[in-house]
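The values are calculated or read from the model by the stated rules, or taken from the named source; none is laboratory data. Source: prediction; values computed, not measured. Glycine also receives a Cβ, built like all others from the backbone with ideal geometry; neighbour counts cover every protein chain displayed. What goes into the accessible areas is simple: the full protein's heavy atoms, side chains included, and nothing from ligands, DNA or RNA. Shrake-Rupley method; radii C 1.70, N 1.55, O 1.52, S 1.80 Å.
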Amino acid sequence: MFNMEINYESREMKDDLSLLAWELEGREKELINNTLRYIEELENELVEISNDKDKAKNLLGNNGYLVIKPTKCQIADSELCERMSEQGDDMDCFDCSCSCCLFQV
């Protein structure tokens with residue numbers, strides 16, 4: 001599901017927009033309320049996509065992303081890379097096949 005910190009920031013921004021809309025009148029108020037409804041629709045769509053693995057894969061694939069199952073070696077490298085990162089060390093990305101290192105090389 002969504003990262004709690006991002007969800008909190010999103011909720012805080014929507015609250016600020018709601019307060020602003022309350023203070024405004026006319027067209028400006030209508031624009032902010034329309035924006036809030038649009039944000040809500042986007043959030044609902046993201047939740048729907050995140051709950052449907054096939055839909056998420058198709059969306060990523062249709063936008064040029066390669067969606068593959070990680071190999072055993074990638075999983076092992078990822079775990080090692082994460083442990084080293086937790087200890088304050090960095091793994092040499094040229095020798096690592098984890099997804100983070102692959103994007104950095």
Tell me, what % of the accessible area of the chain is carbon and sulfur with a 1.4 angstrom probe?
54
Please report, in whole Å³, the volume per residue of the convex hull around the C-alpha atoms of the chain.
155
Note to self: with every protein chain in place and a 1.4 Å probe, the chain gives an accessible area per residue in Å² of 86
What number results when the radius of gyration of the range 9-70, computed over Cα atoms, is divided by 2.2 N^0.38 Å?
1.59
Positive end of the dipole of the chain, charges at C-beta (+1 Lys, Arg; -1 Asp, Glu), about the Cα centre: which of L31, Y8, I68 has its Cα farthest in that direction?
I68
Would you work out which of A56, L80, L19 lies farthest towards the positive end of the dipole of the chain? Charges go on Cβ: Lys and Arg +1, Asp and Glu -1.
A56
Sticking with the crude label model, points 7 Å out along Cα→Cβ, report the distance from E82 to E48 in nm, one decimal please.
3.1
When the helices in the chain are scored as -39500 (n - 2.57) per DSSP H run of 4 or longer and the sum is shared across all residues, what 222 nm value do you end up with, to the nearest 500 deg cm²/dmol?
-24000 deg cm²/dmol
Using DSSP to define loop residues, name the chymotrypsin sites (Phe, Trp or Tyr not before Pro) in the range 18-105 whose beta-carbon has at most 14 other beta-carbon atoms within 10 Å.
Y65
Tilt relative to the chain, helix 4-23 - C-alpha long axis, 0 to 90 degrees, to 10
20
